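Notes follow once the structure below has been shown.
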Amino acid sequence: MADGLTNPHLSDFRTPGRGNGILDIFTKRYLLKVLVKKDVSTRYRNSIFGWLWSYAKPLAQFLVYFLVIGIILQMDRGVDNFPVYLFSGLVVVNLFNEAFNNATRSIVGNKALVRKIYLPRELFPVSTVIVAFVHFLPQVVILILAALLYGWVPSLLGIVAALVGMLLITLFSTGLGLLFGALNVAYRDAQNFVEIIRTFSTWSAPVLYSWDMLAHRAPDWLFHIYMSNPLTASVELFHYAFWFDTSDGSLATPPLLLIYVAVAFVIAIASIFIGQFVFRRFERNFAQDL
Amino acid sequence: MTMTDTRPSIIVDNVRKTFLIRHSHSMKEAVIGKIRGRKVGSTPFQALDEVSFTVNEGESVAILGHNGSGKSTMLKLISGVLEPNAGRILVRGRLAGLIEVGAGFHPDLSGRENVYLNAAILGMTEKETDERFDDIVDFSGIREFIDQEVKHYSSGMFMRLAFSVAIHTELDVLLVDEILSVGDAPFREKCNQKIRELSDAGKTMVVVSHSVGTVRELCTRGIVLRKGKKIFDGPIEEALEVHKAKNK
Ligand SMILES: Nc1ncnc2c1ncn2[C@@H]1O[C@H](COP(=O)(O)OP(=O)(O)O)[C@@H](O)[C@H]1O
Ligand SMILES: [Mg+2]
């Protein structure tokens, strides 16, 4: 026994159960792919309409908001091409809500695996964020069709803005998902708290109203914070990408948008570091707490 | 010192595992409990206490002990599912645990899809799975059902496929926990046969089993645990004696 410990050739030994954290999504690409495939192909099993639900849900949501906010509250008159404006913001918030919610529940949802087999646990939240992204794509297709109807002409800058917006949301929801996914194992309160954040998210970004309504009313510092919210920044990037060119230009793209986007990226990346740090602290107890 | 073929595969060094039996599962309970001065933290329970041993490459070791003596906990620590509270564990090579076969199975997927899913979960690459797919299916003996959804399988068929995937993973160290008691007698015999083959092929093995026959046949050495402490480590016959004596 003592032999083993004084053996000088310990270099090829490793400590079981210690992965490389979030970086394992690169070393375990195949496993990640298989986990994503499992979720995508089982989501609509045993449902008659299957993937149509991925189109139906956002459309129903859009109709309700358009009726209430657009027609009844008359936003339709204040914002040119309001349907495109509304939908391009809505898909961003949907992506965030879905990814964040999935990731928060991912560890508890994979209880059977987490308790019995070791694999880098970061793969669970990350794979569910990717699944959310896959379900987000049909919504982008609808958005593009709608924007084309309103005379949208794709531009390189617009496409870059949309991609940057998606990346921002994906990073931010991964970070928050790691954090709340880990907390949720010890305290199931986390997922209820996340429900509340999700309720706020639609209103915390200029989806149902326009950013300039706030600019006139809020103090500067508050407005800057509001604009640096990764959700707001992404929504504005999407407005820029799909809506701005089709509008009469009366609602400008926010000045300083690039700076807000940069700050939002810092926040999103910080959320990943914090999320990963907390995740690591809690991970050692996942198997026994579940 | 010369490099010999008796290098260790698993080093367990002064390992302690304490479980906290928690008294609260929500923040509300925790906070209210604290205000009322009730015990809110958790009661520690020592599942493993200062356990040390080394398993050399190619060795087959049985872990013996009563229910609750910490055998499964030991295997979970070695596989990395649990982390020790003190001490350290080091392993070398690819580890595969037949701890709970079928944990990664999804009822809505077909047998084929589940083979790929589980092989990936157990650390196999796509290429390795492709190469072994036929062996896995043949071993399970349920080829005609392989494209059916697993939820329509009988529990026997399910266990056959799950076990078959697990036993065909690429591995250097195999951890086996009580699963040799699954399935019907012919399949069990096939499993034991397969495990013997792996053992003969020089794979390292740590086996937990209640079947004295299996343990005697597979292992040359036994470690006896009692209430989380190692009380014996030596030749399998003596270990079985110690274990039996403690049983009474
Ligand atoms: N996650 C856990 N939380 C609290 N106690 C646990 C947990 N897992 C195991 N234990 C306790 O640790 C002890 C050892 O369990 P185990 O290793 O499963 O025993 P064995 O496999 O030898 O029957 C038991 O008393 C069991 O109740
Ligand atoms: Mg056990």
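Can you find a residue that is without any contact (Cβ under 8 Å) to a residue 12 or more places away in the chain and surrounded by fewer than 22 Cβ atoms within 10 Å (Cβ to Cβ) anywhere in the range A:84-107? Looking for residues that are without any contact (Cβ under 8 Å) to a residue 12 or more places away in the chain and surrounded by fewer than 22 Cβ atoms within 10 Å (Cβ to Cβ), one finds none in the range A:84-107, hence no.
Tallying residues that are small (Gly, Ala, Ser), more than 16 Å from ligand 2 (Cβ to nearest atom) and touching a His at 6+ places or on another chain (Cβ under 8 Å) within the range B:31-87 yields 3. A single entry from B:Leu75, B:Leu64 fulfils the requirement of being within 14 Å of another protein chain (Cβ to nearest Cβ), within 10 Å of ligand 1 (Cβ to nearest atom), open to solvent by less than 40 Å² (accessible area, probe 1.4 Å) and closer than 23 Å to B:Arg196 by Cβ: B:Leu75. Within the range B:1-50, being away from chain A (no Cβ under 11 Å), modelled with pLDDT of 90 or more and open to solvent by less than 20 Å² (accessible area, probe 1.4 Å) holds for B:Val15, B:Leu48.
The requirement of being farther than 17 Å from B:Lys229 by Cβ, open to solvent by less than 10 Å² (accessible area, probe 1.4 Å), within 16 Å of ligand 1 (Cβ to nearest atom) and not polar (S, T, N, Q) is satisfied by B:Gly80. Could you please find all residues in the range A:236-282 being touching a Gly at 6+ places or on another chain (Cβ under 9 Å), among the charged types (D, E, K, R) and under 26 Å from A:Leu113 (Cα atoms)? Hit for the range A:236-282 is A:Arg280, nothing else. Condition first: crowded, with 17+ Cβ neighbours inside 10 Å, within 11 Å of another protein chain (Cβ to nearest Cβ) and either under 20 Å from the mean Cα position of the chain (by Cα) or within 30 Å of B:Lys229 (Cβ to Cβ) (or both). Can you find one or more residues in the range B:124-147 that meet it? Taking every residue of the range B:124-147 in turn, at least one turns out to be crowded, with 17+ Cβ neighbours inside 10 Å, within 11 Å of another protein chain (Cβ to nearest Cβ) and either under 20 Å from the mean Cα position of the chain (by Cα) or within 30 Å of B:Lys229 (Cβ to Cβ) (or both).
For the subset of the range B:181-232 comprising residues that are more than 16 Å from ligand 1 (Cβ to nearest atom), in a helix (DSSP H, G or I) and in contact (Cβ under 8 Å) with a residue 40 or more places away in the chain, which member is surrounded by the fewest Cβ atoms within 10 Å (Cβ to Cβ)? Ranking the candidates gives B:Lys194 first.
When A:Ala146 is tested against (1) within 14 Å of the chain's Cα centre (by Cα); (2) buried (at least 16 other Cβ atoms within 10 Å of the Cβ), exactly one condition is not met: (1).
Where helices (runs of 4 or more DSSP H) fall wholly inside the range A:173-290, the ranges with 3 or more residues that are within 22 Å of the chain's Cα centre (by Cα) and free of Cβ contacts under 8 Å to residues at least 40 places away in the same chain are A:189-204, A:220-228, A:257-283. Considering only the range B:51-60, I want to know if a residue exists there that is at the interface with chain A (Cβ under 8 Å from one of its Cβ atoms), closer than 30 Å to B:Ala201 by Cβ and at pLDDT below 90. Within the range B:51-60, not a single residue is at the interface with chain A (Cβ under 8 Å from one of its Cβ atoms), closer than 30 Å to B:Ala201 by Cβ and at pLDDT below 90.
The values are calculated or read from the model by the stated rules, or taken from the named source; none is laboratory data. Remember, it's a predicted structure, so these values are computed and weren't measured experimentally. Every residue, glycine as well, gets a Cβ built from its backbone with ideal geometry; the counts of neighbours run over all protein chains shown. Heads up: the accessible areas ignore ligands, DNA and RNA and are worked out on the full protein's heavy atoms, side chains in. Shrake-Rupley method; radii C 1.70, N 1.55, O 1.52, S 1.80 Å.
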